[in-house]
Structure formats: structure tokens, C-alpha cells
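The values are calculated or read from the model by the stated rules, or taken from the named source; none is laboratory data. Values in this document were obtained by computation on a predicted structure and should not be read as measured data. Glycine also receives a Cβ, built like all others from the backbone with ideal geometry; neighbour counts cover every protein chain displayed. Heads up: the accessible areas ignore ligands, DNA and RNA and are worked out on the full protein's heavy atoms, side chains in. Shrake-Rupley method; radii C 1.70, N 1.55, O 1.52, S 1.80 Å.
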Amino acid sequence: MEAWRLPLSSSIRGKLISAGYTSLSSISSVSSSDLARDANITEDEAFEILKLANQSSGSSSYNGSGSLINGAKNAWDMLHEEESLPRITTSCSDLDNILGGGISCRDVTEIGGVPGIGKTQIGIQLSVNVQIPREFGGLGGKAIYIDTEGSFMVERALQIAEACVEDMEEYTGYMHKHFKANQLQMKPKDILENIFYFRVCSYTEQIALVNHLDKFISENKDVKVVIVDSITFHFRQDFDDLVQRTRVLSEMALKFMKLAKKFSLAVVLLNQVTTKYTEGSFQLALALGDSWSHSCTNRVILYWNGDERYAYIDKSPSLPSASASYTVTSRGLRNSSSSSKRVKMM
Amino acid sequence: MKPETLLRRPQTNRKLTTGCKILDGCLRGGIPCYSLTEIVAESGCGKTQLCLQLSLCAQLPISLGGLNGSSLYLHSEFPFPFRRLHQLSRSFHQSNPSIYANDNDNPCDHVFVQNVHSVDHLFDIMPRIDGFIKNSGNRLPLKLIVLDSVAALFRSEFDNTPSDLKKRSSMFFKLSGKLKQLANKFGLAVVITNQVTDLVETSDGLSGLRIGNLRFLCSSGRRVVPALGLAWSNCVNSRFFISRSDETIWKERSENDESGSSYVSRRAQRRFDIVFSPYLPVTSCEFMITREGICGVQA
């Protein structure tokens with residue numbers, strides 16, 4: 001909030017600003033005598049200004065407890081907010097459980113694994129599931145799918161969308177007859193229409209698109225998930241300057257985090273794996289290097305264990321390390337039906 | 001380039017038929033356009049046969065599962081099987097009389113062959129391919145690019161040192177990026193063949209890294225892995241595996257058989273597996289190579 005918005009006479013305003021008090025927070029944190037001395041005004045005038053400043057900041061701040069710094073929240077309010085945050089289901093309840101209910105909004109989640117493990121499948125499943133209406137426990141939002149590799153196949157997305165609609169129709173059978181009045185209006189074709197699909201063919205296009213997302217999402221406020229499949233492909237080519245690559249990647253990561261927080265949406269970045277030489281042997285690691293690993297809030301690694309696909313929470317500020325198995329079926333991601341599966345807590 | 005133009009309305013990609021209904025059934029129509037498909041096999045399994053067949057099928061009209069286009073066959077291994085191509089072309093001509101108006105029409109006219117001897121050479125000819133596609137003129141537009149094989153391009157030039165391997169890795173992504181760009185710009189189907197190497201179990205266990213639906217890949221009774229490693233696996237959209245195994249068939253002596261002896265015949269059984277694909281379920285199919293080309297065997 002700028003000081004010049006305050007309803008003051010222009011001479012007093014000019015004195016305030018030339019003394020360096022340009023924002024409300026700077027005014028409200030100072031006492032009236034200091035303000036009078038700095039701005040060369042009388043004590044009464046300073047007192048009036050402070051009263052006005054506190055009134056304005058009181059109406060525009062987040063909470064009523066009058067925080068000094070604009071935009072600061074206390075942890076109690078943050079806890080309330082986080083608990084009420086919607087999550088996007090993955091259609092696999094075991095996977096949802098280790099994720100704390102699903103992919104969380106306002107977070108950047110990175111999912112990586114070997115080719116063929118199901119990264120694109122998870123991406124498509126999430127872009128369909130975000131559209132599940134609120135009456136069915138979903139977000140009723142739209143999806144942005146940024147395809148850098150050309151793995152998105154419309155017929156597969158249609159298959160998953162049809163299965164989702166069938167599941168919802170089956171569910172209405174169990175719903176209370178009061179709610180049944182809302183017949184399921186959604187058709188698989190509508191689901192496909194609500195996925196904004198971008199095809200990116202070079203790293204310059206990728207950067208330009210990420211910069212453009214803010215404007216796009218401002219115009220399409222019901223987008224609730226942004227999926228990038230994959231974030232790495234165009235960055236594994238020859239970058240003459242590795243420092244530049246790191247800088248570009250961290251800027252991109254920052255933009256995604258800002259998008260997630262600003263619009264309360266989930267950002268899901270799909271990553272590839274590479275081999276890294278650590279501690280005398282070759283290990284599998286997510287691509288893009290060590291500096292990139294700081295860029296995401298949550299990190300999930302997909303891997304094979306025998307004939308089963310597993311997901312492992314590698315990094316999360318709130319979730320315990322755990323792994324769960326899942327399968328990829330013709331209807332999309334589902335629980336694996338093997339009797340030996342169980343959620344393993346590390 | 002405006003970011004807004006990157007927003008697309010995704011459409012179902014056209015598929016190129018393989019010329020065999022059973023194989024097409026496994027692939028839900030055939031090889032997809034706008035996508036890089038890799039065929040991994042040991043030498044002598046039939047990947048070149050399949051590629052030659054695809055090059056001819058590309059000329060079929062769309063109603064018959066073709067792309068109504070010509071194909072570009074980039075080969076890095078010598079020699080190019082011209083004779084086999086002509087043989088296949090003749091039977092192709094015979095089995096599709098409706099398309100080839102007179103006997104002088106040669107399906108081979110729509111298959112363009114170019115030799116590539118190194119990766120740099122391939123990058124050099126990329127702009128020429130771009131120009132070739134744009135200036136089609138009277139001929140059928142290019143719709144299929146086959147690269148046979150990618151392994152041969154890389155295997156001789158790079159040493160086994162970490163820095164060379166890193167350079168090689170970034171070459172993979174550069175090559176794959178360019179091919180995908182072409183595929184996306186012109187709606188091409190791109191088919192790349194790859195070789196296999198024998199699996200040598202090492203103590204760190206990474207050489208047996210599982211990629212895809214099959215626990216391990218077996219051909220001619222040996223465990224194999226696709227060449228070029230994990231980095232290249234990340235560069236393709238789909239991977240198919242062709243394997244062969246020698247099946248021994250005992251034939252019992254029949255009552256009317258005068259020679260009175262039982263004999264053993266060996267038949268090479270060829271198998272087509274889907275290792276990974278963004279839209280296909282795990283399927284497998286047996287096939288044979290005949291004079292007319294590849295044809296699947298009903299299970």
C-alpha cells in the first residue's frame with residue numbers, strides 16, 4: 001500500500017515522501033514524534049497520519065490482528081489454510097495416502113522415474129482428475145498440460161476421461177437422493193476440452209511459455225493444475241554455459257513456485273533419471289543436477305520393484321518417507337491388486 | 001514466436017499401418033505420427049524388414065491405413081538392401097492394384113534413401129530434409145522418416161571415458177529434439193532402429209536396470225539390453241522389441257511315412273513386444289518373415 005494513496009493534503013504528502021515514507025508499513029511502524037521530526041510536520045499532523053495509516057492497513061491486511069508487515073500471517077491462520085487446501089487425487093488410494101490425500105495445491109511437486117514407469121500416465125490422470133466436480137470431492141478446475149516430448153496421446157486421455165466419468169456415474173448411484181438431483185453433466189469430450197495443451201519444441205519456447213503462464217492463468221482463473229512433461233528434455237542438450245543453464249532453471253523454478261502460490265494451483269513437474277557417480281558406484285538420480293533438487297517442495301520417485309511399480313516420497317516438508325505401489329491400467333492409475341503390497345513406512 | 005501459438009488443440013494422431021493386421025492390432029492401428037518410435041532388436045531379427053515394409057506402406061492412401069506420402073530411409077549401416085526393397089515393392093504393387101494405375105508405377109519411386117555415416121553428417125543434412133519436405137512439388141509429401149540404425153552412428157565415435165559419454169548423451173537429446181521438432185512441424189512418423197548389447201552383470205547391478213514392461217529382454221537365448229543406455233531411452237516416445245528364438249520342432253514319424261524316421265526341424269520364432277509406450281497396453285505378438293514381408297501369426 002503506497003503512502004500517496006492516503007487522503008492527505010498534497011504538501012504533507014510531499015513532505016512524507018521526500019522524507020522517505022513511501023509505504024504504509026514504514027509509517028505504521030514509527031511513532032508520531034519520530035514521524036513529525038523526520039517529515040518536518042507538527043505532532044498533531046503526524047498523529048492524524050498514523051491514524052489514517054492504521055485504518056487503511058487494517059482494512060487491507062490479511063488478518064485483523066494488525067500485523068506490522070503487510071502480508072505476514074501467523075502460523076495458526078496458515079494451519080487453517082493448509083488444512084482446507086484441496087488436493088488432487090491420483091485415482092490410486094495407496095498413492096493418495098502417502099501423499100497426504102493427493103497432490104497438494106500451492107506446491108510444486110516433482111515426479112521422476114525411468115522411461116515407461118508411468119510419469120505421463122500420472123500427468124494425464126491428474127489433468128483429468130482436477131476436473132472432478134466439487135460434489136464428488138474434486139476441485140472442478142481445468143488443467144494446463146505442457147508437453148515437451150510429444151508423449152501426450154489424445155486417445156489415451158480420452159480413455160482415462162471415459163473411465164473417470166464412468167466411475168463418477170457409478171458413484172452417483174450411492175449418493176444420497178438429495179444430491180442425485182445434480183445429474184452428472186460432464187462428458188469425456190468436455191474433459192478433453194478443459195485441458196489446455198501446449199506443445200513446446202525447444203528450451204526457448206519453454207522459457208517463453210513459462211513467462212507467459214501468469215497472464216494466461218489470470219485470464220483462465222479456473223486452472224488448478226499445471227503439468228510439465230517433462231521439465232528436463234530440452235535442457236539436456238548441449239548448453240555451452242552450465243552456469244547459464246543453472247540460472248535459467250532456477251528462474252523457471254521460482255516462476256513455478258510463484259504461480260503455485262499466487263493462483264493456489266498445483267504444479268507437477270515430471271523429470272527423467274540419469275546415473276550419477278556417488279560414493280564409488282553409479283546410482284540413479286533425477287536429472288538436472290543438485291541445484292535443481294532444491295527447486296521443488298515435494299519430490300516423488302517412481303521405480304520398479306520386481307514386477308510392481310512403486311512411488312516413493314523422497315522429499316517433503318510435511319510427509320513422512322513412504323512408498324506405495326500402483327498400477328497403470330486401461331482406465332488409468334489404480335491401486336495394485338497384489339496381495340503382498342502394503343504401504344511401507346521408512 | 002508467440003507463446004500463445006503454442007496452445008494446441010490435441011488431435012488423435014494418424015497411424016501408419018505395418019502392413020499386417022495382427023501387428024496393427026497390437027499397435028492399435030500402427031506406428032503413430034508426431035512421435036518417435038524405436039525398434040530394438042538383435043541383428044537378423046527383422047527390424048530392417050519391418051522398416052522397408054513401413055516405407056512402402058506409407059504410400060498407401062489414408063483409407064487403407066497409409067499416410068499418402070513418401071518416405072525417407074536414412075541408413076547408417078552398409079549395405080542398403082536394395083534387392084530386398086525391390087522384391088517387397090513388386091509384391092506390394094501386386095497386392096495393391098487399385099493404387100498403381102499402370103505397371104510402370106514403381107512404389108520404389110516414393111522411397112528416398114540417404115546414407116549417413118556419422119552424427120555430424122546427420123545434423124548437416126537436417127536442414128536439407130527440412131527443405132525437401134517443404135518443396136514437395138509434384139511428388140507425394142514426405143510422411144515417414146526411418147533411421148536405421150541409430151546405434152551404428154554413435155558406437156564408433158565415442159570412447160568410454162566419462163567426458164565422451166557425457167558429450168554423447170547431449171548428442172542424443174539434440175538429435176531426438178531435432179527429429180521431434182520435424183515430426184511435430186510436419187506431422188511425420190519417425191521410426192528409429194537400435195541394436196542390442198549383451199548384458200554383463202556387474203556388482204553395482206545397474207546394468208540390469210529395468211526399463212519398461214518386460215523384466216528382461218531375451219533374444220537368441222541370451223539376455224540383452226538396448227544399446228546406447230539410459231540416456232537414449234529417455235529420448236524416444238515408444239520402444240518396441242523384436243526377438244528371435246530358435247524353436248525346435250520334433251516331428252514324429254507318421255504311420256504312412258516310408259522312411260520311418262523322426263526328424264527335428266528348427267524354426268526361428270520371432271516375437272514383437274511393446275517395451276514402453278504412452279498409450280499402448282502390454283502386448284506381445286509372434287510374426288514371420290516371408291517373401292511378401294512381415295506377417296503376424298495368430299496366437
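In the full protein context, chain B carries 48 Å² of accessible surface per residue, based on a 1.4 Å probe and ignoring ligands, DNA and RNA. Please work out the FRET efficiency for the pair A:Asp38 and A:Lys258, using the Cβ-Cβ distance as r and a Förster radius of 25 Å; give the result to the nearest 0.05. FRET efficiency, A:Asp38 to A:Lys258: 0.15.
Taking all Cα pairs closer than 8 Å and separated by 6 or more residues, the relative contact order of chain B comes to 24 percent.
In segment A:234-256, burial by the other protein chains removes 30 Å² or more of accessible area from A:Arg236, A:Gln237, A:Asp238, compared with the chain on its own (1.4 Å probe, ligands and nucleic acids ignored). The apolar share of the surface of chain A, taken as the fraction of accessible area on carbon and sulfur atoms (1.4 Å probe, ligands and nucleic acids excluded), comes to 51 percent. Counting only alpha carbon atoms, the long axis of helix A:154-172 and the longest principal axis of chain A meet at about 80°. Compared with the alpha-carbon gap, the fully stretched path from A:Lys215 to A:Asp241 is longer by 6.4 nm at 0.36 nm per residue.
When you restrict to C-alpha pairs under 8 Å that are six or more residues apart and normalise by the size of segment B:30-179, the relative contact order lands at 29 percent. The share of accessible area on segment B:60-145 that comes from carbon and sulfur is 50 percent, using a 1.4 angstrom probe. When chain B is modelled as a GNM with alpha-carbon springs shorter than 10 Å, which of B:Leu88, B:Leu188, B:Leu230 fluctuates the most? For chain B, modelled as a Gaussian network with Cα springs under 10 Å, the answer is B:Leu230. Comparing each chain alone with all protein chains together (probe 1.4 Å, DNA, RNA and ligands left out), the residues of segment A:272-292 losing at least 30 Å² of accessible area are A:Gln272, A:Phe282, A:Leu284.
Checking the Cα-Cα distances for A:Lys73/A:Lys315; A:Lys221/B:Lys185; B:Lys15/B:Lys174; A:Lys189/A:Lys262; A:Lys224/B:Lys174 against a 27 Å cut-off, the pairs over it are A:Lys221/B:Lys185; A:Lys189/A:Lys262; A:Lys224/B:Lys174.
Mind giving me the FRET efficiency for A:Asp222 and B:Ser136? R0 is 35 Å, r the Cβ-Cβ distance, nearest 0.05 is fine. Step by step, r from the Cβ atoms, then E = 0.25. When chain B is treated as a GNM with alpha-carbon contacts under 10 Å, the residue of B:Gly137, B:Gly25, B:Gly187 showing the greatest mean-square fluctuation is B:Gly137. Straight-line cross-link reach from B:Lys47 at under 17 Å between alpha-carbon atoms covers these aspartates and glutamates, not counting any fewer than eight positions away in the same chain: B:Asp24, B:Glu38, B:Glu77, B:Asp148, B:Asp273, B:Glu286, B:Glu292. Looking at the square roots a ≥ b ≥ c of the eigenvalues of the Cα gyration tensor of chain B, which shape do they give, rounded for a/c under 1.5, prolate if a/b is larger than b/c, or oblate? Note, shape of chain B comes out oblate. With 40 Å² as the minimum drop in accessible area between chain alone and full protein complex (1.4 Å probe), the qualifying residues in segment A:182-223 are A:Tyr197, A:Phe198, A:Arg199, A:Cys201, A:Glu205, A:His212. Choose one answer from A:Trp304, A:Trp292, A:Trp76: the residue with the largest mean-square fluctuation in a GNM of chain A with alpha-carbon springs under 10 Å. Looking only at A:Trp304, A:Trp292, A:Trp76, the biggest GNM fluctuation is shown by A:Trp76.
When both segment A:185-238 and segment B:78-120 are represented by their alpha-carbon centers, they are found 41 Å apart.
Counting only protein heavy atoms and a 1.4 Å probe, chain A has 47 square angstrom of accessible area per residue. Take every pair of alpha-carbon atoms less than 8 Å apart whose residues are at least six positions apart; their mean separation over the length of segment A:121-256 yields a relative contact order of 36 percent. Remark: accessible area buried at the A-B interface is about 3700 Å², both chains counted, probe radius 1.4 Å. With the helix formula -39500 (n - 2.57) applied to DSSP H stretches of n ≥ 4, chain A reaches a computed 222 nm mean residue ellipticity of -12000 deg cm²/dmol. The simple Förster model, with R0 at 60 Å and r as the Cβ-Cβ distance, assigns A:Ser93 and B:Ala101 a FRET efficiency of 0.50.
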